[in-house]
1. Test each condition in (1) basic (Lys, Arg); (2) part of a loop (DSSP other than H, G, I, E, B); (3) surrounded by 10 or more Cβ atoms within 10 Å (Cβ to Cβ) for Arg42 and report the one that comes out false.
2. Residue by residue through the range 14-27, note down the ones that are over 12 Å from His56 (Cα atoms) and either outside any loop (DSSP other than H, G, I, E, B) or not charged (D, E, K, R) (or both).
3. Which of (1) β-branched (Val, Ile, Thr); (2) under 29 Å from Ala12 (Cα atoms); (3) surrounded by 13 or more Cβ atoms within 10 Å (Cβ to Cβ) does Val59 not meet, given it meets every other one?
4. Would you check which residues across the range 37-82 are among the basic types (Lys, Arg) and in contact (Cβ under 8 Å) with a residue 24 or more places away in the chain and list them?
5. So, in the range 63-82, exactly how many residues are in contact with a Ser or Thr (Cβ under 9 Å, 6 or more places away or on another chain) and buried (at least 18 other Cβ atoms within 10 Å of the Cβ)?
6. Among the residues that make up the range 18-32, is at least one of them modelled with pLDDT under 90, over 15 Å from the mean Cα position of the chain (by Cα) and open to solvent by less than 70 Å² (accessible area, probe 1.4 Å)?
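The values are calculated or read from the model by the stated rules, or taken from the named source; none is laboratory data. A quick note: this is a predicted structure, and the numbers were derived from the prediction, not measured. Every residue, glycine among them, receives a Cβ derived from its backbone with ideal geometry; neighbour counts consider all protein chains shown. Accessible surface is based on the protein model in full, side chains and every heavy atom, while ligands, DNA and RNA are left aside. Shrake-Rupley method; radii C 1.70, N 1.55, O 1.52, S 1.80 Å.
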Amino acid sequence: MILRSSFGISAATRACHRHLIDALDLDEASVLQLHKLPDVHRDPFDRMLICQAIQHGLVLATVDANIFKYPVNTLPLTDAID
């Protein structure tokens, strides 16, 4: 996986390591979860994340109320920044 951002590849890579963020490839097993999802909304990126979380037993941390309507473990966040 190549990380790209406005602050450069190496800085993005360092930021991921510093915050213990790992890349999760979109695999076939995750994509096969798509047909099981209810038709809540059509955001393809959200649906991809939901499929990955379901397939890999992960928890999605989100403020998006639409995500709570899916059969996925969530951690509700507030949108307020302290």
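1. (3)
2. Arg14, Ala15, Cys16, His17, Arg18, His19, Leu20, Ile21, Ala23
3. The one condition Val59 does not meet is (3).
4. First, the residues of the range 37-82 that are among the basic types (Lys, Arg): 42, 47, 69.
Correct list: Lys69 only.
5. The number of residues fulfilling the criteria is 1.
6. no
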